[in-house]
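Worksheet: one structure, shown below.
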Amino acid sequence: MVGIALGMLAAAMILFAGCTKNDSAPAPAEDTGPATMAEADHETPPPPPEAEKPKPTPSDLPTADPNRIIPSGPGGMAGRPAAEVMKLVEEKVTTAEDLPKFFSSSVFDNPELERLPINENSVIADIGAGTGALEVYLLLHKMPFKKIYAVDTDEPSIDLGKAILERYFPESAGKIEWVHSEYEDVKLPADSIDLGILINAHFFVPSLVKEPYKLNIARQCLTTVGRALKPDGEVYVYQNIYIAGKPAHTFREIDPPLLDEAVDEMGQQFKTAGFDIKSKDAMETCECAFFRLGKYGK
């Protein structure tokens, strides 16, 4: 009986202390051993387990930078007419120097382009020019050239590229000739170009283009690029490793065998199309596979 009375008195003292304000730090509680049955009955029940959060859907995931209003090609155009996109561009972009931050293109992040072997007499073909990111890059960096063939299969992209160059580079727009090509033919004159450039053109990448007939069309297209090269002309290819279907993690962490595989897959396409691979590399600076191609036997 004495034990029960003492237990009830202790509980009353605890209840009284909990209802009064005490600004001083409480003294450390003594270890009284296992809780009594009465104390156990008054314990706060544990909170229910947190409901598992649903996995994010694509609409929940972060979207692309909304400032990148200039699509790099037909995918970004999404069926919109060039005039509609150009109206938005003119509302947002004041000067030519501002264009790169509005372009949805990796061209402006590729430091290797500063080393392109071009001069004031160079005739260049930009294969897969899209809306003209490379042309804007070369003009902003004041890199010399005689003429550029800006080649693409998508007419709305070409129309937007023309409009951008005429609006922001009126004095140089005449040096760029836009070419509406076919999938299997770049539609360039034979022996006409000193340098062909392909930047993330995708169409020749086996890990992206699975269907044999599409790869065959890609080889036909590449063959016509070779036909357009002057005897000593070259083609520079920059293909992003991630876009090439390889793991999207830090470039340094990609195993060398995997890089070799990506480079070899694309290299085989160029050989089949009749090119001589003068050099190839996996460049960390642009996170891309790089090829320097020449006409076979040259």
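Before moving on, here are some points about what is shown:
- Inter-probe distance in nm under a simple model that places probes 7 Å from Cα toward Cβ, at D281 and K101: 3.1
- Relative contact order (%) - criterion: Cα under 8 Å, at least six apart; region: the stretch 105-295: 20
- For the stretch 105-295, Kirkwood radius (reciprocal of mean inverse C-alpha pair distance, Å): 16.8
Each value in this text was obtained by applying a stated rule to the coordinates, not by laboratory testing. This one's a predicted model, so the numbers in the text were calculated from it and none came from an experiment. As a convention, Cβ positions derive from the backbone with ideal geometry for all residues, glycine included, and neighbour counts pool all protein chains shown.
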